[in-house]
Structure formats: structure tokens, C-alpha cells
Amino acid sequence: MQPIDREQLMPNRLYYIECMTEDDHNNIIPNINLSIMVGIFKQLKPVFPYGLTPWNAAVFEWFEISKMKTIKNENESRKYILREVELNFLWRFYEVKKFKIQSDMETRAVNLYLRRIIGDPHFTF
């Protein structure tokens, strides 16, 4: 999985969310005590901590990753939302490609079938 910068997150899209932590040498590493989560990105929210540099919190509607096994399409994820969370810079985000892969495969199958029926090898539905 390829991490996505917080500024590249797209609203209303589904993302895997990984908690990060610092090791003894101040390196940012995955937090092995927390499993990867899933959420729907809402927006970036500016945070202005007193006396510190402002940064953007990533606002997500979060739900348990175990629910991903029962979800057939991205729209179904909305019924499993537990709560809204604002995540600081110690979180990493990954695009959920499960539904795109399925959709691409179905589109390719429909196109192959229609091309065979129509007889046009370049037809695209």
C-alpha cells in the first residue's frame, strides 16, 4: 500500500488509517499496539495550538475495519460509522482500492461481453 499525503486526501472517499508513534530515537514508526482502521475522509481542519505552529487535522468518519468484510460497495460503509475523529500528524493514510478493483473488473467483463455481441473490438460502455 502506498501512503497518501494528508493534503491529497479526497472528501467522501474511503481510506485505511494507520496510527504512528515515535521510537526511542525519535523515528516515526507504525504503532503495533493499534490495528489499522478505516474511515471516510471529510475535510482538513486547521488547528492553532497555543504557541505552536498551526497544522491541519484530518477529519474522518471512523468505523471498525472488521466491517470491511461485509461491505459490498463504498456507499454501504456509511451505515457502519461509529464517530467523527480529528487526527493529528501521527497518522498515515492509504487509499482503499478494494472497490475500484472490483468495479474495474466488472467494467472490463461487460465491455468484453458487449464487444463479442456487437462485433466491434473497440466498443466501450
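Below are the figures for this structure:
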item	result
Residue among 79, 98, 45 with the largest mean-square fluctuation in a Gaussian network model of the chain, springs linking Cα atoms under 10 Å	79
Exposure proxy order (Cβ contacts within 10 Å, fewest to most) of 61, 7, 84	7, 84, 61
Contact order normalised by residue count of the chain, Cα under 8 Å, 6+ apart, percent	26 percent
Gain in span if fully extended, residue 101 to residue 118, counting 0.36 nm per residue against the direct Cα distance	3.6 nm
Rg followed by Dmax, in Å, when the chain is reduced to its Cα trace	19.2, 68
Dipole of the chain, positive end: most advanced residue of 117, 96, 55 [Cβ charges, Cα centre]	117
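We did not get these values from a lab; they are worked out from the coordinates using the rules stated. No experiment lies behind these values; they were computed from the predicted model shown. As a convention, Cβ positions derive from the backbone with ideal geometry for all residues, glycine included, and neighbour counts pool all protein chains shown.
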